[in-house]
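The structure appears below as structure tokens.
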Amino acid sequence: MPKDWGRIMLGVRLEKMVEAPFMRSWSNLLTSGLRSGDHWEMTEGLPAHSASNALVRQLLNSDCDSLLMVDSDGDFEKDFIHKMRDHEPGFAFDVLQAFYIRRGWPPQAIWFKRDEAGTLHNCLIFGDITEEVAMVGTHCVLIRREVFEKMLGDNDKETYHWFYYPRHQQMTEDAAFSFDAIDAGFKLGATSHVRVNHLSHLSVGWDTYQEYLQTSGQAEQLERFDTLTKLVSDFTGETPETVMQKTMHGNKNVKKIWEDMNPTTADEVVAFYNRPEYLYDLLHWNCTLDYLKITSPLEAYKNKTALVVGAGLGSEAALLAGNNKVDVFELPGVLRDFCKTRLNGSVNYLNHSSLTELDGKYDLIVAVDVFEHFHPDQFDGIMSAINRALLPGAELYAHNNFGQQDLYPMHYDYKERFSAWANENSIKQTSDLIWIKE
């Protein structure tokens, strides 16, 4: 059974100037937070890493079992130490960080995990969670004595540095400690069950962070990510965790494949977009705040006869389907099959050859990041068909990305050709996303 934290040494790295809320918190911790056998220490006038190392040495010179390190810009509730040491799910870890956000704006949780490829990601946190992480911060962290002892080995504790800034690397002292502790075989965890505020001009913490996630759209973004991840995993037969890890790599899922295939003909380009890896790149894009900003106005359209060109994962079609008659044009293969699974009969799917047979049918055509993917031999023909399909006065709702070839080498730069097409066909741009056919 995992063991508790034993006798705790509470240690603070005292800054030159501290605010009144910290002194109130610190007084409460000393008078109501410590138990028999616990101890407290304080450092002052030292850089962050030196202060941390001084606290470790004081721990090793004591008979305490764990170090609870806090910063003097923290705002702690009276029962903070009790909640931290008594939270049984935390017993499974050798290092346990309480939840806090970085000082400054926007509020960002200090909560880092690695994906299957080893890439470090900062996570969005909701609810009461205690889990393994890849790095901890020292604003409020509980560390077992044996972590420091094993890392010290036969070295002199008076000169050894557990916390340090690696030369020629952009790494904090707590990141360096975290990585070394993991390499030594220790398990790092974080818990949102115990929450600490960070003092700035205001005391900001869990409530601030959750409010920001809602108002910034990141909560919706995470919910969307979870939903689409489940849909893709059901479609591919993979676990949601596997899909999630692949999605984290974004354009890397497709860039190397494009470069290896080096498609030159239209058929070869079509074959590239039929590869399942493109699902993960699209999932990543569909869950960005930029994508949500681009596509959210589609929810306002009603009673339109609409065509979605290059439906991808079907997200734009899903926004339109409830209030409009929607046709979808997508290449046969993986993406079309996924759309059919996701949209479940709520839209009509056009045959691959039927785009040229839709003259004057639509009062809305949607193409979000689509036109840059057409092969040069197909661009003029498809754009001509789109022009004919638009009714007089109809809207083309489009977002184009004719750049970023360094990240997406499959993007063709049709900026000038697209402008010429619009001018030649009296299609006037009225906003960033809307063109009207006169």
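What the table shows:
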{"quantity": "Boolean, A311 is more than 18 Å from L231 (Cβ to Cβ) and at pLDDT 85 or above", "calculated": "no"}
{"quantity": "Residue match in the stretch 388-406 (condition: in the same structural domain as Y278 (by TED's automatic domain parsing), part of a helix (DSSP H, G or I) and touching a helix residue (DSSP H, G or I) at 6+ places or on another chain (Cβ under 6 Å))", "calculated": "no"}
{"quantity": "Qualifying residue in the stretch 307-324 (condition: part of a helix (DSSP H, G or I) and acidic (D, E))", "calculated": "yes"}
{"quantity": "Test result for D380, farther than 22 Å from K304 by Cα, in the same structural domain as A266 (by TED's automatic domain parsing) and exposed (fewer than 15 other Cβ atoms within 10 Å of the Cβ)", "calculated": "yes"}
{"quantity": "Residue in the stretch 158-165 that is within 20 Å of I110 (Cα to Cα) and under 22 Å from the mean Cα position of the chain (by Cα) present", "calculated": "no"}
{"quantity": "Selection count, the stretch 416-438, where residues are in a helix (DSSP H, G or I) and loosely packed, with under 13 Cβ neighbours inside 10 Å", "calculated": "5"}
{"quantity": "Strands (runs of 3 or more DSSP E) contained in the stretch 33-147 and holding at least 2 residues within 24 Å of Y164 (Cβ to Cβ) and of a type in the set (D, E, K, R)", "calculated": "39-44, 112-114"}
{"quantity": "Matching entry among L55, L68 (being farther than 21 Å from G153 by Cβ, at pLDDT 95 or above and surrounded by 23 or more Cβ atoms within 10 Å (Cβ to Cβ))", "calculated": "L68"}
{"quantity": "Verdict on D281 being surrounded by fewer than 14 Cβ atoms within 10 Å (Cβ to Cβ), without any contact (Cβ under 8 Å) to a residue 60 or more places away in the chain and part of a helix (DSSP H, G or I)", "calculated": "no"}
{"quantity": "Filtered residue count, the stretch 41-77, keeping only those that are under 30 Å from D207 (Cβ atoms) and under 33 Å from the mean Cα position of the chain (by Cα)", "calculated": "15"}
{"quantity": "Criterion (in the same structural domain as L188 (by TED's automatic domain parsing) and within 17 Å of the chain's Cα centre (by Cα)) met by exactly one of L96, L142, L120", "calculated": "L120"}
{"quantity": "Looking only at the stretch 328-343, and only at residues there that are buried (at least 22 other Cβ atoms within 10 Å of the Cβ) and either more than 27 Å from the chain's Cα centre (by Cα) or aromatic (F, W, Y) (or both), the one that is modelled with the lowest pLDDT", "calculated": "E330"}
{"quantity": "Qualifying residue in the stretch 400-410 (condition: surrounded by 19 or more Cβ atoms within 10 Å (Cβ to Cβ), of a type in the set (A, V, I, L, M, F, W, C) and over 17 Å from A311 (Cα atoms))", "calculated": "yes"}
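A quick yes/no check of all residues on (1) touching a Cys at 6+ places or on another chain (Cβ under 8 Å); (2) assigned by TED's automatic domain parsing to the domain that holds L60:
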position: K3; (1), (2): no, no
position: V12; (1), (2): no, yes
position: E15; (1), (2): no, yes
position: L29; (1), (2): no, yes
position: R35; (1), (2): no, yes
position: D38; (1), (2): yes, yes
position: G45; (1), (2): no, yes
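The values are calculated or read from the model by the stated rules, or taken from the named source; none is laboratory data. For clarity, every value in this text was computed on a predicted model and none was experimentally measured. Cβ sites come from the backbone with ideal geometry, for glycine too, and all protein chains shown count toward neighbours.
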